[in-house]
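Visitor: I am attaching a structure below and will ask some questions about it afterwards.
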């Protein structure tokens, strides 16, 4: 009897089967179509209440995503946190991606921002439909520091067990045209891609060990993209819009368009009407774009606000305005 082959066979049969690859519970987010609106109020010093039934108003119209601007210094009582919880719970129950946006325009390297997201991470851990927009249109620091600071923040959150989808904005108002300016080696950085690359960040994995971070460009279509005036200036896909896509492709990342606007409930300027079909088609057909949120919705905006999306009086008429129809055209399957 040959003992060695028998022992070998027994040892092989006794080996445990290889564990099946762990399924990524967040992978469905990459399928995209997370289009919706910004619902402003919680970021104001004197907010008007946003209620769970308000979330239903947007969900019933077809929105798949809500971006909730907040300021960390104002989420300072158990009652305010409970109100945020109620909105998050209603939205996720409706299958919506709920984006908590830290809207303080701060320096992403600020320790207070890290502490805030560690608290939010403990509060909403294990909820794939709750995403964190780490810092709205960050200021402070420099282009040189922004990329490494963003990486350090993300790594700190992951080390602490925060598993939520993260959304990253950059200096220069997070403008589409500031995603990649193709700076040569001897020129100072003026774009997100340059800052990341010079910080040794060349792929999504370099930035986020869990590979759950999206880039978030903002785009208002007036000259310069400030959103300070209502007219639209055409932006072909080869211009600033395309720059963000090219940057995302180089990094292996996706884009969530955190802010954009075509007009308001009362009117859409003719210059915007002339280009909006091309912009909607670009957003809908570009694989890197997973969704976004139109700016100017929520109860807090005045009657005269430039991008107020909701109709005065009967808000259900908001979806019948030209602006409402344009926004909803992004939500179509």
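The values are calculated or read from the model by the stated rules, or taken from the named source; none is laboratory data. Computed from a predicted model, the values in this text were never measured in an experiment. Every residue, glycine among them, receives a Cβ derived from its backbone with ideal geometry; neighbour counts consider all protein chains shown.
Visitor: Out of the residues in region 101-116 meeting the condition of being out of contact with any helix residue (DSSP H, G or I) (no Cβ under 8 Å at 6 or more places or on another chain), part of a loop (DSSP other than H, G, I, E, B) and without any contact (Cβ under 8 Å) to a residue 60 or more places away in the chain, tell me which one is surrounded by the fewest Cβ atoms within 10 Å (Cβ to Cβ).
Guide: 105
Conditions (1) in a loop (DSSP other than H, G, I, E, B); (2) touching a residue at least 60 places away in the same chain (Cβ under 8 Å), marked per residue:
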residue: 232; (1), (2): yes, no
residue: 235; (1), (2): yes, no
residue: 246; (1), (2): no, yes
residue: 250; (1), (2): no, yes
residue: 265; (1), (2): yes, no
residue: 278; (1), (2): no, no
residue: 290; (1), (2): no, yes
residue: 299; (1), (2): yes, yes
residue: 310; (1), (2): yes, no
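Here is a yes/no grid of residues against (1) touching a helix residue (DSSP H, G or I) at 6+ places or on another chain (Cβ under 6 Å); (2) on the phi > 0 side of the Ramachandran plot; (3) touching a residue at least 40 places away in the same chain (Cβ under 8 Å); (4) surrounded by 22 or more Cβ atoms within 10 Å (Cβ to Cβ):
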| site | (1), (2), (3), (4) |
| --- | --- |
| 99 | no, no, yes, yes |
| 118 | no, no, yes, no |
| 134 | no, no, no, yes |
| 140 | no, yes, no, no |
| 143 | yes, no, yes, no |
| 150 | no, no, yes, yes |
| 159 | no, no, no, no |
| 174 | no, yes, yes, yes |
| 177 | yes, no, yes, no |
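Visitor: Residues of region 258-280 being surrounded by fewer than 21 Cβ atoms within 10 Å (Cβ to Cβ) and closer than 25 Å to residue 131 by Cβ, which ones?
Guide: Answer for region 258-280, where residues must be surrounded by fewer than 21 Cβ atoms within 10 Å (Cβ to Cβ) and closer than 25 Å to residue 131 by Cβ: just 280.
Visitor: Those residues that are surrounded by 16 or more Cβ atoms within 10 Å (Cβ to Cβ), free of Cβ contacts under 8 Å to residues at least 60 places away in the same chain and within 24 Å of residue 318 (Cα to Cα), I need them from region 53-83; list them, please.
Guide: 55, 59, 68, 70
Visitor: If you don't mind, there's one more thing I want to ask. Quick check on region 215-222. Is at least one of its residues within 27 Å of residue 40 (Cα to Cα), more than 16 Å from the chain's Cα centre (by Cα) and outside any strand (DSSP E or B)?
Guide: yes
Visitor: Follow-up. One residue is enough: does region 287-300 have a residue meeting the conditions closer than 18 Å to residue 193 by Cβ, in contact with a strand residue (DSSP E or B) (Cβ under 8 Å, 6 or more places away or on another chain) and either surrounded by 16 or more Cβ atoms within 10 Å (Cβ to Cβ) or modelled with pLDDT under 90 (or both)? If you could, list the steps in order and put the result at the bottom.
Guide: Step one: of region 287-300, the residues closer than 18 Å to residue 193 by Cβ are 288-289.
Within this subset, residues satisfying the condition of being in contact with a strand residue (DSSP E or B) (Cβ under 8 Å, 6 or more places away or on another chain) are 288-289.
Those left that are additionally either surrounded by 16 or more Cβ atoms within 10 Å (Cβ to Cβ) or modelled with pLDDT under 90 (or both): 288-289.
Within region 287-300, one or more residues are closer than 18 Å to residue 193 by Cβ, in contact with a strand residue (DSSP E or B) (Cβ under 8 Å, 6 or more places away or on another chain) and either surrounded by 16 or more Cβ atoms within 10 Å (Cβ to Cβ) or modelled with pLDDT under 90 (or both).
Visitor: Also, quick follow-up: Residue 227 is checked against (1) in a loop (DSSP other than H, G, I, E, B); (2) out of contact with any strand residue (DSSP E or B) (no Cβ under 7 Å at 6 or more places or on another chain) and fails just one. What number does that condition carry?
Guide: Checking residue 227 against (1) in a loop (DSSP other than H, G, I, E, B); (2) out of contact with any strand residue (DSSP E or B) (no Cβ under 7 Å at 6 or more places or on another chain), the one that fails is (2).
Visitor: Moving to a separate point now. Exactly one of these conditions fails for residue 42: (1) surrounded by 15 or more Cβ atoms within 10 Å (Cβ to Cβ); (2) assigned to a loop (DSSP other than H, G, I, E, B); (3) modelled with pLDDT of 95 or more. Give me its number.
Guide: Condition (3) is where residue 42 drops out.
Visitor: Need the failing condition index for residue 160 against (1) at pLDDT 95 or above; (2) closer than 30 Å to residue 24 by Cβ; (3) under 19 Å from the mean Cα position of the chain (by Cα), just the number.
Guide: The one condition residue 160 does not meet is (3).
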